[in-house]
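Chemist: This is the structure, below, for whatever I ask next.
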Amino acid sequence: MRSERYIPYVLVLPSVVFLLFLFAWPLLEALLLSVRNSSGWTLEHFQRMAADLYFKDALKYTLLLTLTIVPLQVGLALGMALLLGSIAKGRDLFLYVWTIPLGISDLAAGIVWLAIFTERGYLNSFLQAVGVIQQPQLWLSYETPWMIFLAVVAAEVWRATAIVFVILVAGLQLIPKEYGEAAEVFGATPWQRFWKVTLPLLRPSLQVALILRTILALEVFAVVVALGGRNLPVLAGEAYYWYNAYQNPGVAAAYAVLILGISVAATLLYLRLMRTKQEAVG
Amino acid sequence: MRKGKWIWLGLSGALLVLSAVWAQQAASLLFVSTQFTPIEEAQRMRQVILRDFQGRVEFIPEDNAPFTNRILSEVRAGRVNVGLAGGLHGDFPPLVAAGALDTLDDVMNQLQNRRFSPTFVSLGKMGTPNQIYIPWMQATYIMVANRQALQYLPAGANLNTLTYSQLKEWAANVQRATGRRMLGFPAGPRGLMHRFTQGYLYPSYTKSAVTKFRSAEAESMWLEFKSLWQHVNPQSTTYDFMQEPLLSGEVWIAWDHIARLRDALNQRPNDFVAFPAPIGPYGRGFMPVLAGLAIPKGSPNRSTAVALIEYLTRPEVQVTTLVQNGFFPVIQVRLPDNLPQGIRMGADAIARQAQSNVALPSLLPVGLGARGGEYNKVFQDTFARIVLRNEDVRRVLDSEAANLRRIMNETRAPCWSPDPASSGACPVD
């Protein structure tokens, strides 16, 4: 049957067409949009982006948020995934409860945390009821940007640790029990088993989780908008304002291309730093 | 044979679905609007305001940029789906410039008995000899205060003739008494703070918004506003709609668009008062907002669109629009006595603001087209740099004036009220 040779290609074709149509094409359009204006090729959009009032802060806060949130989430998720492994009874219950935030949209998560931190929010009501403060305290004000930053970190960790967790749980389940048992037989301590057996074998899952979370963290937007408005500018937010409020698609595309560039660089870095040898995967 | 039967069945099913979709599209009028984008307003538009219209209307609210892009690209492609376009005065210039809108002189003639405000009718011509849009509804920005704040009004101050320095004194008194900053402005990402600087602050202090952008008067205005800001709730930079902080009690005195204050006035009319914007050295700068209805060239069902315009400008529908969504009639109409108290308070404040002898109305930007957003950015950034970031006023005004000048020169937009008329692009002195 000659035709069977083509079947895999035919089966892959719809997804390739889909990707070309909905990813590659808009990507190309955005690239062109960022380097062209009515009179031809130009770097004007990038210059205006770099000269803008919010550019430096947006870049700074986006990178800072990524550098804070991603390690926190990976650490937390790893701990949670390992804990889950040693739970015998009610394991499914924990799994489901821990993944609930996965089902919540990022804007909704931002609004939930806003309801906590706002002047008449739950936090102030609680502190006032306990008697710690006499008057509502302002948490999310432009006068205290670090507090908005912490609120965003809290909301993001709460919201998106679950995705890292799910990937790592799946990865842990792929590791055959025999390795750990063999190490135990040779007298390895639990710490040594984690460090020398589990972690190296978990590397492919960690890589996926890190790449995914870093890319998503670089695109952070709705949570920040809900909690800080423009007081904590981020790159994706600036792209939105330039497209929607200032109606300048060129500068918006320049921001998008910048986010893409940073994401690609981060992904390449991860792929390089965490290269897995084929035999290690088993 | 079996297989063939299934295929036929599937095909005819698909055809049925397609024809149903097509039939619905052909029968209903697509009404795209930059107004009523909040979900509750859109629902009230669909379920209440449009309820008695004979004909099917699909009401789609859009943000300004997709609204413009959609109509422009449909008209360019020669496949127009939008039957009726509703927008603010300032949303239409890019469509007029591209020749994407039909003239509506015939519709205006049909509506002779409506008693439109003549100013609005002439604004609807957009500087051309023909009617481009039919006035739809109007709104403006006013002030609302919690009654608890009234006891701290400075001696001799009257709410209806409040000056900017009295407003500052008032907010300072409130802060002294309560320990909190209780004056609020909508300076959040979707707030309309830039309309305050463009249409209220600048005209009141300079009788201009563009020409005297970096004048000495503007410099002292910003210094004064910066000292007023000491008494402003710092959460203002996250407020989009002032009705929420007013209702929660975070803010006692606020300025905003009437539609973004209506929940406070409607829900607790006895707790709040509505009053006109403050008065500056040149008078009371304020900005009336006019929305209109236009028909794209090549609209698929013009007669239904005309019928809908006729419907929306009926006196009873104009009152329904006011009651439901807080936009005021553009025709002369007697407001019914059973109007909710909150709406009546808003209507009174608007009338006092517009009719006093110090009134200094200024238009929303005219002729900036797609650059309207960047024009707003100049005012937003100027505010953020001077007031929030403490930059030197003179240096900020000079550098932002360069941005303003670039926008004016690129669009070649002549000055609009209250700036004195110019022959070419509006100059920034």
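Bear in mind that the values in this text are calculations on the coordinates, not laboratory data. Please read all numbers here as calculations on a predicted model, not as lab measurements. Neighbour counts are summed over all protein chains in view; Cβ atoms, including those assigned to glycine, are modelled from backbone coordinates with ideal geometry.
Chemist: Give me the Kirkwood hydrodynamic radius of chain B in Å, from all C-alpha pairs, to one decimal place? Provide the component values of the computation, followed by the final result.
Modeler: Numbers: mean 1/r = 0.0433 Å⁻¹.
For chain B, inverting the mean 1/r across all distinct Cα pairs yields 23.1 Å.
Chemist: Still on this structure, please answer the following. By how many nm would the segment from A:Val132 to A:Ala108 grow when fully extended, if each residue of separation counts as 0.36 nm and the alpha-carbon distance is taken off? Working shown, then result.
Modeler: Working: separation 24, 0.36 × 24 = 8.64 nm, distance 2.90 nm.
Computed gain between A:Val132 and A:Ala108 is 5.7 nm.
Chemist: So, one more: Over chain B, what is the relative contact order in whole percent, taking alpha-carbon pairs under 8 Å and six or more residues apart? Write down the numbers at each step before the final one.
Modeler: On the way: 762 pairs, mean separation 97.1, N = 429.
Worked out over chain B, it gives 23 percent.
Chemist: Taking the simple approach of a point 7 Å from Cα along Cα-to-Cβ for both A:Asn37 and B:Arg190, what is their distance in nm?
Modeler: 3.1 nm
Chemist: Label points 7 Å out from Cα along the Cβ direction at B:Glu391 and A:Leu199: separation in nm?
Modeler: My value for the distance between the label points is 4.7 nm.
Chemist: Suppose R0 equals 35 Å; then what is the FRET efficiency for A:Leu269 and B:Arg79 from their Cβ-Cβ distance, rounded to the nearest 0.05?
Modeler: On the way: r = 47 Å, r/R0 = 1.33.
Approximately 0.15, to the nearest 0.05.
Chemist: With every atom except the alpha carbons ignored, what do you get for Rg and Dmax of segment A:49-169, in angstroms?
Modeler: 17.6, 58
Chemist: While we're looking at this one, here's another question. Hey, what's the Cα Rg ratio for segment B:79-129 versus the globular rule of thumb, 2.2 N^0.38 Å? Before the final figure, lay out each step's value.
Modeler: Values: Rg = 12.0 Å, N = 51, 2.2 N^0.38 = 9.8 Å.
In units of the globular-protein estimate, segment B:79-129 measures up at 1.22.
Chemist: Taking the Cα centre of chain A as origin, sum charge times position over the Cβ atoms of Lys and Arg (+1) and Asp and Glu (-1), and report the length of that vector in debye to the nearest 20. Could you put the intermediate results ahead of the total?
Modeler: Details: 19 positive and 16 negative charges, 116 e Å.
Roughly 560 debye, rounded to the nearest 20.
Chemist: Please order B:Thr103, A:Thr66, A:Thr189 by the number of other Cβ within 10 Å, starting at the fewest. Present the calculation step by step, with values, prior to reporting the outcome.
Modeler: Details: B:Thr103 16, A:Thr66 23, A:Thr189 11.
By the 10 Å Cβ count, ascending, the order reads A:Thr189, B:Thr103, A:Thr66.
Chemist: In whole percent, what relative contact order does segment A:1-153 give with Cα contacts below 8 Å and a gap of six or more residues? Show your work: numbers first, answer last.
Modeler: Details: 54 pairs, mean separation 17.6, N = 153.
The value is 12 percent.
Chemist: Can you give the calculated 222 nm mean residue ellipticity of the protein assembly as shown, where each DSSP H run of n ≥ 4 adds -39,500 (n - 2.57) and the sum is split over every residue, rounded to the nearest 500 deg cm²/dmol? Mind showing how you got there, number by number?
Modeler: Details: 32 runs with 379 residues, N = 711.
Result for the protein assembly as shown: -16500 deg cm²/dmol, rounded to the nearest 500.
Chemist: On a full-extension model of 0.36 nm per residue, what is the gain between B:Thr119 and B:Ser165, subtracting their alpha-carbon distance, rounded to one decimal in nm?
Modeler: On the way: separation 46, 0.36 × 46 = 16.56 nm, distance 3.22 nm.
This chain segment gains 13.3 nm when fully extended.
Chemist: May I ask for the equivalent-ellipsoid semi-axes of chain A, computed as the square root of five times each C-alpha gyration tensor eigenvalue and listed largest first in whole Å?
Modeler: Details: eigenvalues 267, 212, 57 Å².
For chain A, the semi-axes come out at 37, 33, 17 Å.
Chemist: What are the residues whose amide H is under 5 Å from the amide H of B:Leu101, where those residues sit 5 or more places off or on another chain and H is modelled from the backbone?
Modeler: Sorted by chain and number, the residues that satisfy this are B:Lys297.
Chemist: Moving on to the next point. Are there GluC sites (Glu not before Pro) in segment A:103-160 that DSSP marks as loop and that have at most 15 other Cβ atoms within 10 Å, and which are they? The partial results should precede the final answer.
Modeler: Values: sites: A:Glu119, A:Glu143, A:Glu156; in loops: A:Glu119, A:Glu143.
Qualifying residues, ordered by number: A:Glu143.
Chemist: Can you work out ³J(HN,Hα) from phi for every residue in segment A:50-60, in order, using Karplus 6.51 cos²θ - 1.76 cosθ + 1.60 and θ = phi - 60°, giving whole Hz and x for Gly and Pro?
Modeler: Values, residue by residue: 5, 7, 6, 3, 9, 4, 4, 5, 4, 5, 4 Hz.
Chemist: Specify, per residue and in Å³, the volume enclosed by the convex hull of the alpha carbon atoms belonging to segment B:259-389.
Modeler: Dividing the Cα hull volume of segment B:259-389 by its residues yields 176 Å³.
Chemist: How much length is gained if the chain between B:Ser227 and B:Leu335 is pulled fully straight, taking 0.36 nm per residue apart and subtracting their Cα-Cα distance, in nm to one decimal?
Modeler: Numbers: separation 108, 0.36 × 108 = 38.88 nm, distance 4.07 nm.
Taking B:Ser227 through B:Leu335 to full extension adds about 34.8 nm, to one decimal.
Chemist: In cubic angstrom, how much convex hull volume per residue do the alpha carbon atoms of segment B:200-274 span? Before the final figure, lay out each step's value.
Modeler: Working: hull volume 8.0 nm³, N = 75.
It comes to 107 Å³ per residue, whole-number rounded.
Chemist: Shifting gears a bit: Angle between the Cα long axis of helix B:216-229 and the longest principal axis of chain B, 0 to 90 degrees, nearest 10?
Modeler: 90 degrees
Chemist: If you don't mind, there's one more thing I want to ask. Would you mind ranking B:Arg51, A:Arg36, B:Arg114 by Cβ crowding within 10 Å, fewest neighbours first? Intermediate results must be reported in sequence, preceding the final value.
Modeler: Values: B:Arg51 10, A:Arg36 15, B:Arg114 19.
Least crowded to most crowded, the residues run B:Arg51, A:Arg36, B:Arg114.
Chemist: From largest to smallest, what semi-axes in whole angstrom does the protein assembly as shown give when each is the square root of 5 times an eigenvalue of its alpha carbon gyration tensor? Show your work: numbers first, answer last.
Modeler: Values: eigenvalues 481, 255, 136 Å².
Equivalent ellipsoid of the protein assembly as shown: 49, 36, 26 Å, largest first.
Chemist: Also, I was wondering about something else. Quick check: the distance between the Cα centres of segment B:134-187 and segment B:200-256, to the nearest angstrom?
Modeler: 11 Å
Chemist: Return the sequence-ordered ³J(HN,Hα) values of segment B:407-413 in whole Hz as given by the Karplus equation 6.51 cos²θ - 1.76 cosθ + 1.60 applied to θ = phi - 60°, using x for Gly and Pro.
Modeler: 5, 5, 5, 5, 8, 6, 6
Chemist: OK, next. If you fit an axis through the alpha-carbon atoms of helix B:64-77 and take the longest principal axis of the Cα set of chain B, what angle between them do you get, 0 to 90°, nearest 10?
Modeler: Value to nearest ten degrees: 30.
Chemist: From the phi angles alone, apply the Karplus equation (6.51, -1.76, 1.60; θ = phi - 60°) to segment A:22-27 and give each ³J(HN,Hα) in whole Hz, x where the residue is Gly or Pro.
Modeler: 9, 10, 5, 5, x, 4
Chemist: Same structure again: As an exercise, use a Förster radius of 45 Å and the Cβ-Cβ distance of A:Val17 and A:Leu83 to find the FRET efficiency, rounded to the nearest 0.05. Mind dumping the intermediate values first?
Modeler: Details: r = 43 Å, r/R0 = 0.96.
With R0 = 45 Å, the Cβ-Cβ based efficiency is 0.55.
Chemist: Give me, ordered by chain and number, the residues 5 or more places off B:Leu30 or on other chains with an amide H under 5 Å from its own placed amide H.
Modeler: B:Glu58, B:Gly83, B:Leu84
Chemist: Projected area of segment A:103-235, taken from the Cα convex hull and averaged over every viewing direction, in nm²? Please list the in-between numbers first.
Modeler: Details: hull surface 44.6 nm².
Averaging across all directions leaves 11.1 nm² for the Cα convex hull.
Chemist: Run the simple label-point estimate for B:Ala402 and A:Tyr122 please: 7 Å along Cα→C-beta, distance reported in nm.
Modeler: Spacing of the two 7 Å Cα→Cβ label points: 4.9 nm.
Chemist: Can I ask one more? Looking at the protein assembly as shown, send over the antiparallel percent of its DSSP beta bridges, to the nearest 5.
Modeler: On the way: 24 of 41 bridges.
Antiparallel: roughly 60 percent of the beta bridges in the protein assembly as shown.
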